[in-house]
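Heads up: the structure comes next, in structure tokens.
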Amino acid sequence: MHNAFLKKNGKVHIIAGKLKGKKIFIKNNLNIRPTTNRIRETLFNWLSVYIKNARCLDCFAGSGSLGIEAVSRDAKFVTLLEIEKKTVLSLKDNIKRLNISNLEIIHTNTLDWLKKNKQPYDIIFIDPPYNQKLVDQTLFLLEKKKWMKKKSLIYIEKEKNHSFVISKNWTLYKKKTTNRISCYLYFFNM
């Protein structure tokens, strides 16, 4: 989504589910680049048979649009990781206003948090800030620290011209490319 959109409007709409049409308000922040409605709709169509009762992790939450959309579509529980304090406060305001109880927001550096071992997730969203080479580091930690189980789904959204390395333990399920971004959905096979 264009930064000009955020400066002008400062909100994102939930596309479907129990929160359909509700708004996520975003304080003006040029570092936040929410996944566009069209890409989010495509992603959640891909996930439609997997999202119900899933445990989801949004590694670079930003606006929270992926995690909140997952909750709206009956995910069991969502963890949002976000490093910027102002963004965390905005996320907390939105979660309270939307009356969401099955979501936790953790103010942390995603890479540091992933170095710990915890219970694996069913669906993991990786949509980091661009041009910081965070996809490869995130994928490495997710696999090394066993954040997935067999058939966990991993969504990756990145700038079109940036490549990443994927291990043999992942199978590409879906892919979409636009003028600026590429999106991938993988199954974890271990």
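Nothing in this text is a laboratory measurement; each read-out follows from the coordinates by a stated rule. What you see is a predicted model, and the numbers here were worked out from it, not measured in a lab. Glycine gets a Cβ as well: all are built from the backbone with ideal geometry, and neighbour counts include every protein chain shown.
Answer yes if at least one residue in the stretch 47-66 is of a type in the set (S, T, N, Q), surrounded by fewer than 24 Cβ atoms within 10 Å (Cβ to Cβ), part of a helix (DSSP H, G or I) and out of contact with any His (no Cβ under 8 Å at 6 or more places or on another chain), and no otherwise.
Scanning the stretch 47-66, I find no residue that is of a type in the set (S, T, N, Q), surrounded by fewer than 24 Cβ atoms within 10 Å (Cβ to Cβ), part of a helix (DSSP H, G or I) and out of contact with any His (no Cβ under 8 Å at 6 or more places or on another chain), so the answer is no.
Pick out, from the stretch 78-190, the helices (runs of 4 or more DSSP H) lying fully within it that include 1 or more residues that are in contact with a Gly (Cβ under 9 Å, 6 or more places away or on another chain).
Where helices (runs of 4 or more DSSP H) fall fully within the stretch 78-190 and carry at least 1 residues being in contact with a Gly (Cβ under 9 Å, 6 or more places away or on another chain), they are 85-97.
Just to be sure I understand the filter: pairs with C-beta atoms under 8 Å, separated by 6 or more residues or on different chains, first member in the stretch 119-137 and in contact (Cβ under 8 Å) with a residue 12 or more places away in the chain, second member loosely packed, with under 14 Cβ neighbours inside 10 Å and not in a strand (DSSP E or B). Which pairs pass?
Listed pairs, sorted by first residue: PRO120/LYS146; PRO129/ASN31; ASP136/VAL165.
With respect to GLU104, determine if the residue is loosely packed, with under 14 Cβ neighbours inside 10 Å, touching a residue at least 12 places away in the same chain (Cβ under 8 Å) and within 22 Å of LYS27 (Cβ to Cβ).
When the stated conditions are applied, GLU104 passes them.
Between a residue in the stretch 45-66 that is within 18 Å of PRO34 (Cβ to Cβ) and any residue that is of a type in the set (S, T, N, Q) and outside any helix (DSSP H, G or I), which pairs come within a Cβ distance under 8 Å, given they are 6 or more apart or on different chains?
Qualifying pairs under 8 Å: CYS56/THR79; LEU57/THR79; ASP58/THR79; GLY62/ASN31; SER65/THR35; LEU66/THR35.
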